[in-house]
């Protein structure tokens, strides 16, 4: 029995990680196809049927290329930061509220905030250890941007914690049985989606990878395997943020096909935004975080605290 209890979470986690990595592979294919049609051209369509094996060809190409590293780089942090980045992106998936007894996360939202906060360090160390001015600038921008938007994300999560009275994601399923939170808190949903774009360094907030002025940003010195790991970590984060958006705002019906269709649609919106919007100006980005999203999330937080206190006094 003890061996069974020990093995079940490990096997479940392994299957989950494999499924996430396969999902990331096909998310990259979806992105290239959608961007192709947005820009009125074909996406990848030469490898196999409709280009479906393309992501696996990309992975084989990246991991078989020669690994180079700058002579003046700080080698150990430079080498390990992409690995740690991917590890964090996969670790945060453990909070998904499955009923099959993988892990019991009654404090799932706190675990999510801890993992996203640690993700800042991987970008900062990747930019600094490359010993390149472009990489350092990209890393500094990414750190400032991520920390700024984490504040409003944490406040949005806290407002739901006060409304529900729990940090567990399973409770979102219970509370959204009648009506989705999207209809009750539509401005918060828009704010959360924009913050997710900023957290994952996606257009229009991709200052960490500004090709026009920083060549490629904090990952400019990475090639082959290191670049592939950073790429995988970014897309795993996009998938996870889409999943969390569906859990919080679109009804947490994890065991229905509709949940995965909603997840695919939110992931498609990340790509759609990339194909549609130009990059922000950096001061506008900070203005949006501190002057728009922060007051909005604070107001909702106070509102939900008031609502929860009101209902508690009525129940007493």
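The values are calculated or read from the model by the stated rules, or taken from the named source; none is laboratory data. Just so it is clear, the model here is predicted, and its values are computed rather than measured. No Cβ is skipped: glycine too gets one built from the backbone with ideal geometry, and neighbour counts run over all protein chains shown.
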task = Give the residue that is modelled with the lowest pLDDT, with candidates limited to residues of the stretch 103-147 that are assigned to a loop (DSSP other than H, G, I, E, B) and more than 20 Å from residue 68 (Cα to Cα).
result = 104
query = What pairs can you find where one residue is in the stretch 85-99 and within 21 Å of residue 246 (Cα to Cα), the other is assigned to a loop (DSSP other than H, G, I, E, B) and at pLDDT 90 or above, and their Cβ atoms are less than 9 Å apart, with a gap of 6+ or different chains?
reply = none
inquiry  = Out of everything in the stretch 303-314 that is exposed (fewer than 12 other Cβ atoms within 10 Å of the Cβ) and closer than 19 Å to residue 161 by Cα, what residue ends up being modelled with the lowest pLDDT?
reply    = 312
message = Please verify whether residue 69 is touching a helix residue (DSSP H, G or I) at 6+ places or on another chain (Cβ under 9 Å), touching a residue at least 60 places away in the same chain (Cβ under 8 Å) and not in a loop (DSSP other than H, G, I, E, B), treating the condition exactly as stated.
response = no
query = Scanning the stretch 47-63 for residues that are in contact with a helix residue (DSSP H, G or I) (Cβ under 8 Å, 6 or more places away or on another chain), under 17 Å from residue 230 (Cα atoms) and without any contact (Cβ under 8 Å) to a residue 60 or more places away in the chain, which turns out surrounded by the fewest Cβ atoms within 10 Å (Cβ to Cβ)?
reply = 56
key: Subset of the stretch 174-201 that is touching a helix residue (DSSP H, G or I) at 6+ places or on another chain (Cβ under 6 Å) and in a loop (DSSP other than H, G, I, E, B) - its residue that is modelled with the lowest pLDDT   = 201
Total residues in the stretch 78-102, condition more than 20 Å from residue 239 (Cα to Cα) and at pLDDT 80 or above = 4
ask   = Restricted to the stretch 251-284, and to residues that are surrounded by 20 or more Cβ atoms within 10 Å (Cβ to Cβ) and over 17 Å from the mean Cα position of the chain (by Cα), which residue is nearest to residue 113 (Cα to Cα)?
value = 252
key: Selected residue (only one of 125, 156, 147 is without any contact (Cβ under 8 Å) to a residue 60 or more places away in the chain and surrounded by 17 or more Cβ atoms within 10 Å (Cβ to Cβ))   = 125
query = Yes or no: residue 34 surrounded by 15 or more Cβ atoms within 10 Å (Cβ to Cβ), under 17 Å from the mean Cα position of the chain (by Cα) and either part of a helix (DSSP H, G or I) or in contact (Cβ under 8 Å) with a residue 24 or more places away in the chain (or both)?
reply = no
